[in-house]
Amino acid sequence: MRPICLFSVIFLSAALSLPSCVSTGKFNALQQEKQKTDSLYTWAMHTLKTCQDDNNNLNKQKAQLQDQASDLTLQLTVTKENNIQLSKQLQDVTALSSSQAESIKKSLDNIGAKDAYLRGLRSALSHHDSVNLAVLLDLKATLGGFADQGVAIKTEKAVVYVDLSDQLLFNNDSNSYTLTDKAKSVLGRLAQVLNDQPEVEFMVEGHTDSIAYPREILVDNWDRSVKRATAIVRVLQNDYNISPLRMTAAGRGEYTTVTANDTPEGRAANRRTRVVILPQLDRLLPLLERGQSQPAN
């Protein structure tokens, strides 16, 4: 046993005396790379969790609409059964006047029209939900990493919107409506998502704080908020080829706040610009108008 122990001590001493295979600089670089990878993984998991939560919320809203559609379908089924019974009674009754028979025929025609209306409405709602979900997930994936720079992606009442801070867009200059270079970089990523969804229309809303900054070319806060919105619309059109037919520039002035204007931080938060993904009414409005024009039974 002693020769073996002696050999082990000699081997260990020799191993410790060998020079390191990896330099200190390379080891530090590997450590930094690992830290970046860990940070990216943490951000990705957080983004995934947020997307999953948003997806669950949208699914709940969709389930509610589907429940409403199911109730309407049940009502329609009952009405159809009544319709069948009415048709049988109509065949058995020979003493009906021509005016009464015509009235029943119109009622039956109305039932068929309402059936087609309900099918179209369900299809339009399903399409709207699918587009909103695709836009939301694309925005989260493309802009989720800019949360610490003043980008917030939210949904409210099934409407998707992106809030861009005053610091990001105008370097916290209350009078400015000239975009920073960092803002143009973020707008480029936003344009990428919007170009991937060419049927989506959107509105750019400018918001200000409660303090007026009159200048020769700025009449009031309404004017300032509109000029900020149009500055963004021009970049999206001229630099990223988004069709102007899809965009609306709007100013909300100082009248839609997110917090009080009694501190510098509060005023900075209220000086924001919001990009609102507009509901796709091109399918829904004709259906709703047709539903309103249907005569009552």
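When the range 220-252 is filtered for residues that are within 22 Å of SER210 (Cβ to Cβ) and in contact with a Lys or Arg (Cβ under 8 Å, 6 or more places away or on another chain), the ones remaining, listed by number, are SER225, GLY251.
Quick check on GLN66: is it in a helix (DSSP H, G or I), touching an Asp or Glu at 6+ places or on another chain (Cβ under 9 Å) and under 29 Å from ALA158 (Cα atoms)? In short, no. Criterion first (within 24 Å of ALA147 (Cα to Cα), surrounded by 14 or more Cβ atoms within 10 Å (Cβ to Cβ) and at pLDDT below 90) does SER225 satisfy it? So SER225 does not fit the description; no. Yes or no: ILE4 modelled with pLDDT under 65, part of a helix (DSSP H, G or I) and surrounded by 10 or more Cβ atoms within 10 Å (Cβ to Cβ)? Against the criterion (modelled with pLDDT under 65, part of a helix (DSSP H, G or I) and surrounded by 10 or more Cβ atoms within 10 Å (Cβ to Cβ)), ILE4 does not qualify. With respect to the numbered conditions (1) closer than 30 Å to ASP163 by Cβ; (2) at pLDDT 80 or above; (3) outside the structural domain of VAL193 (by TED's automatic domain parsing), which one is the sole condition not fulfilled by LEU65? All conditions pass for LEU65, except number (2). Do you know which residues across the range 198-211 are surrounded by fewer than 16 Cβ atoms within 10 Å (Cβ to Cβ) and not hydroxyl-bearing (Ser, Thr, Tyr)? Selection gives PRO198, GLU199, ILE211. Which of the residues that make up the range 31-52 are surrounded by 11 or more Cβ atoms within 10 Å (Cβ to Cβ) and not polar (S, T, N, Q)? Of everything in the range 31-52, those that are surrounded by 11 or more Cβ atoms within 10 Å (Cβ to Cβ) and not polar (S, T, N, Q) turn out to be LEU40, TRP43, ALA44, HIS46, LEU48, CYS51.
If the condition is being surrounded by fewer than 20 Cβ atoms within 10 Å (Cβ to Cβ) and basic (Lys, Arg), then the range 228-251 contributes ARG234, ARG246.
The values are calculated or read from the model by the stated rules, or taken from the named source; none is laboratory data. Since we're looking at a predicted model, the values are computed, not measured. Heads up, the Cβs are rebuilt from the backbone with ideal geometry, glycines too, and the neighbour counts pull from every protein chain shown.
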